[in-house]
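Working notes, structure below.
The values are calculated or read from the model by the stated rules, or taken from the named source; none is laboratory data. These numbers were taken from a predicted model, which means no experiment stands behind them. Heads up, the Cβs are rebuilt from the backbone with ideal geometry, glycines too, and the neighbour counts pull from every protein chain shown. These accessible areas exclude ligands, DNA and RNA; they are computed on the full protein's heavy atoms, side chains included. Shrake-Rupley method; radii C 1.70, N 1.55, O 1.52, S 1.80 Å.
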Amino acid sequence: MTDHKLLNKSVILYFAVVFLGLFIFFTQVHGLMPYDGDDWVNLSKMRAAIPKWHGFNPVKVLPEDLFPIVGYIAAYVVTPLLHDYVLSISYVSSALFSGLITVYVYLFYRILVNRLELPRYQAVSVSFLFLLFHFFIFKGKSGVSQYLFGTVNLTCVFHYLIPALLNLSVVEYFLGNRERYSFQNHSIFLNSLLIFAIYLAIFSNILQSIILAAFAFMSIMVRSYGERISIKHWKDIICKNSFFVSILGVWLVSLLFESSGGRAKGIGHSFLSLPISAAVHNFAHASRQMNFVFLAFAAIILILAIILLARQYKAKSTDKVESPYLKITAICAGSFVITLVYLILVCSKADPNYIARSDVLISIWTWFILLVCILMAYLLKETPKIYLAGPIIMLILLVEAIGNGGSLFESNMGRLSPRTCYAVDQDILQQIITADQEGKTEMVLHVPKGDNRDNWPHPMYMGNNISNTLFRHGIIKKPIKITVQPDTSMNEKYQIPLQK
């Protein structure tokens with residue numbers, strides 16, 4: 001089935017609703033707002049679109065160019081329409097993020113229809129549950145919880161979540177093809193787009209590019225299953241899988257570049273003294289927060305699928321046992337293990353706390369979500385009457401995601417409400433704009449009192465950064481030398497807790 005046949009009016013409407021729902025979520029419910037020092041510098045500071053040997057972040061081509069592009073679009077295209085600079089940044093960022101998630105869900109839908117031949121109405125249902133799982137996989141009965149599309153600030157949406165989504169989308173694109181990808185079967189234009197996507201996926205973030213690397217390795221292993229192992233065998237494997245081998249080769253080059261960087265040399269431990277146990281502990285602690293309803297549902301799906309597979313194997317239904325379902329689940333299971341081991345090692349090197357963050361966990365647990373949803377599709381394919389309970393199951397899981405008593409973390413430093421972030425942003429901007437209008441070349445900028453080290457999330461060193469960004473975005477006429485002054489009265493005004 002060709003891609004244009006995958007879509008009809010009802011399916012297009014479904015994905016339009018998905019995008020709109022996500023956009024409302026990321027603007028009105030848990031809004032994405034620029035707030036801290038990292039956001040204000042990364043909104044306008046661009047880099048060369050190639051890896052930089054000995055650079056501070058050598059391989060972060062995608063985030064360090066995409067975020068400033070969004071900043072410029074917000075400043076020069078949307079702000080003249082909305083007459084609100086901060087909201088423009090929020091809306092453009094949210095629209096991009098929502099669009100990428102929608103593409104990510106569509107490509108999963110494409111796997112179900114194109115590769116697994118599931119009916120459209122079942123594929124829509126499974127893809128909707130696939131999306132929901134990302135929101136409530138860690139949701140508790142009370143308090144606030146992480147979710148796989150959440151992070152710590154707007155910068156990390158671009159530095160962690162978008163790289164993860166791009167890597168996962170490329171993986172889904174390959175999984176959705178019936179045949180091995182061949183350059184001869186596609187136009188130069190489509191091939192160039194794929195190479196472009198792979199380039200940005202690899203040169204984005206080494207914590208996320210493992211997604212594509214693990215998939216490439218497992219694809220080679222699954223395709224080579226049953227072949228004789230010998231030196232000649234490995235040569236044949238390389239020749240037959242040259243495309244995926246090339247991806248692994250470029251990925252290894254990216255790791256070499258990253259190891260030369262200032263960030264890699266300035267943090268962490270030597271590999272001989274890695275705190276691996278701490279990383280394992282943090283991952284286990286985060287995983288114990290997983291939602292019981294999700295785990296119960298996943299367990300039921302896994303058990304039923306294993307039972308059905310065992311029956312088919314016993315009946316020697318080899319055409320079904322050796323189906324794409326088994327190949328895809330094998331790839332997902334293997335990639336889950338590879339990604340987990342890799343991230344434990346890398347986070348041990350950088351900071352063991354990273355592996356407990358939702359924007360890193362997405363690289364691990366999405367493999368499990370994929371596996372569960374593929375097996376769900378397998379059950380529906382083999383026993384269609386199961387779908388009779390589909391609407392009830394979807395209602396139960398939807399209520400679990402939306403209700404359930406608990407809430408979700410805000411994606412900003414301090415976990416403040418987006419309205420508070422917006423109010424603080426407007427206060428800070430008004431101080432700078434007023435100074436610019438008065439012709440000042442220097443000013444003291446009052447910001448909320450932060451931590452006791454450098455006043456994070458509004459650090460003492462952010463003055464020139466925010467001045468340069470506002471100048472580049474045309475908000476002020478010239479750069480201003482800004483001295484940051486922590487002010488507890490702003491904490492009181494905006495009800496921001498003082499850090500101890």
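Filtering segment 431-446 to residues that are open to solvent by 20 Å² or more (accessible area, probe 1.4 Å) and charged (D, E, K, R) leaves GLU438, LYS440, GLU442. Among the residues in segment 53-61, are any closer than 26 Å to VAL105 by Cβ and hydrophobic (A, V, I, L, M, F, W, C)? Yes: segment 53-61 contains one or more residues that are closer than 26 Å to VAL105 by Cβ and hydrophobic (A, V, I, L, M, F, W, C).
Here is a check on your reading of the model: is VAL170 among the β-branched types (Val, Ile, Thr), on the phi < 0 side of the Ramachandran plot and free of Cβ contacts under 8 Å to residues at least 60 places away in the same chain? For VAL170, the condition - among the β-branched types (Val, Ile, Thr), on the phi < 0 side of the Ramachandran plot and free of Cβ contacts under 8 Å to residues at least 60 places away in the same chain - is met. Set side by side, the residues ASN491, ASN455, ASN468, ASN412 differ, and just one is over 30 Å from GLN146 (Cβ atoms) and either touching a residue at least 12 places away in the same chain (Cβ under 8 Å) or over 29 Å from the mean Cα position of the chain (by Cα) (or both), which is ASN468.
When each of LEU154, LEU212 is tested for being open to solvent by less than 10 Å² (accessible area, probe 1.4 Å), under 20 Å from SER254 (Cα atoms) and at pLDDT 95 or above, the lone residue that passes is LEU212. Looking at PRO479, PRO459, PRO486, just one residue is in contact with a Lys or Arg (Cβ under 6 Å, 6 or more places away or on another chain) and either open to solvent by 40 Å² or more (accessible area, probe 1.4 Å) or farther than 30 Å from SER142 by Cα (or both), and that residue is PRO486. Scanning segment 174-196 for residues that are in a loop (DSSP other than H, G, I, E, B), surrounded by 11 or more Cβ atoms within 10 Å (Cβ to Cβ) and at pLDDT below 85 yields a count of 3. Of the residues screened, ARG415 is not one that is modelled with pLDDT of 90 or more and either open to solvent by less than 50 Å² (accessible area, probe 1.4 Å) or in a helix (DSSP H, G or I) (or both).
Do you know which residues across segment 27-46 are farther than 18 Å from ALA95 by Cβ and in contact with a Cys (Cβ under 6 Å, 6 or more places away or on another chain)? Once the filter is applied, which keeps residues that are farther than 18 Å from ALA95 by Cβ and in contact with a Cys (Cβ under 6 Å, 6 or more places away or on another chain), segment 27-46 yields only TYR35. Scanning segment 75-130 for residues that are open to solvent by 10 Å² or more (accessible area, probe 1.4 Å) and not in a helix (DSSP H, G or I) yields a count of 4. Is it true that ILE306 is free of Cβ contacts under 8 Å to residues at least 40 places away in the same chain, over 27 Å from PHE149 (Cβ atoms) and in a helix (DSSP H, G or I)? So ILE306 passes the test. Considering GLU382, GLU438, the condition of being under 30 Å from ALA214 (Cα atoms) and over 23 Å from the mean Cα position of the chain (by Cα) is satisfied by GLU382 alone. For segment 420-446, the set of residues classified as of a type outside the set (A, V, I, L, M) and touching a residue at least 24 places away in the same chain (Cβ under 8 Å) consists of THR420, CYS421, TYR422, ASP425, GLN426, ASP427, ASP436, LYS440, THR441, GLU442, HIS446, listed by residue number.
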